[in-house]
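Just so it is clear, none of the values below were taken in a lab; they were calculated from the coordinates. These numbers come from a predicted model, not from an experiment. Here the Cβ is made from the backbone with ideal geometry for all residues, glycine too, and neighbour counts use every protein chain on show.
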Amino acid sequence: MNKKGYAIIDVIISILIICISMPLIYSTYKIIGNNEMFPVVIQDQIGLTQLRRVMNTCYDIDIQYNTLSCIYKDEVISIQTSSNNTFISDGTLIIFSGVSDIFFTVLQNKIYLNYLRNSKWEKGFISYVQ
C-alpha cells in the first residue's frame, strides 16, 4: 500500500465510474435540451387538441373573426380569442404563449385557428364545418 499517492486500482475504478456515467449524463442532457427547444410547439398542439375535442361534438357552428359559437352538449357555448388566450364560455382557458394576434377562419369547410407569433403567421386545424 502506497501512502504517498493512489494505487493503480483506485485510478482504474475512478476512470471506470467516469466512463459509465458520461453517456448517461450526455443522453439526459440531450433529452432535456430537445424538450426546451420546442415547448411552444408542444403547448400549441395541446391547445389545438383541446379545441378539437370540444369541436368534435359541436354543431350549428357560427364563426366570427374572434368568436366561434356552437351547440355543445345541448348548450350554446362561445369560444373567444383575446391576445394570446382562447376562452371557452364554461370557464376553460387555453393559452397560446407569445401570440400577438389570434382569430378563426374557415377555408374549404375546415375551421382553422390562425395566430401571429414572432411576426410569423401559423395556422392550426380545429375541425370541419358541419
Legend entry - Kirkwood Rh in Å, taken over the chain so that all alpha-carbon pairs contribute: 18.2
Inset, instruction - First select every other residue whose beta carbon is under 15 angstrom from the beta carbon of Ser69; then total the charges, Lys and Arg +1, Asp and Glu -1. - result: -4
Legend entry - Orphan Cys of the chain, criterion: no other Cys C-beta under 4.7 Å: Cys19
Legend entry - Karplus (6.51, -1.76, 1.60) ³J(HN,Hα), θ = phi - 60°, over the stretch 14-27, in Hz, Gly and Pro reported as x: 4, 5, 4, 5, 5, 5, 6, 7, 4, x, 5, 5, 5, 5
Legend entry - Sequence-distant residues sharing a close amide H with Lys110 (under 5 Å, placed H): Val129
Legend entry - the chain: angle of helix 39-55 to the longest principal axis, Cα-based, in degrees nearest 10: 40
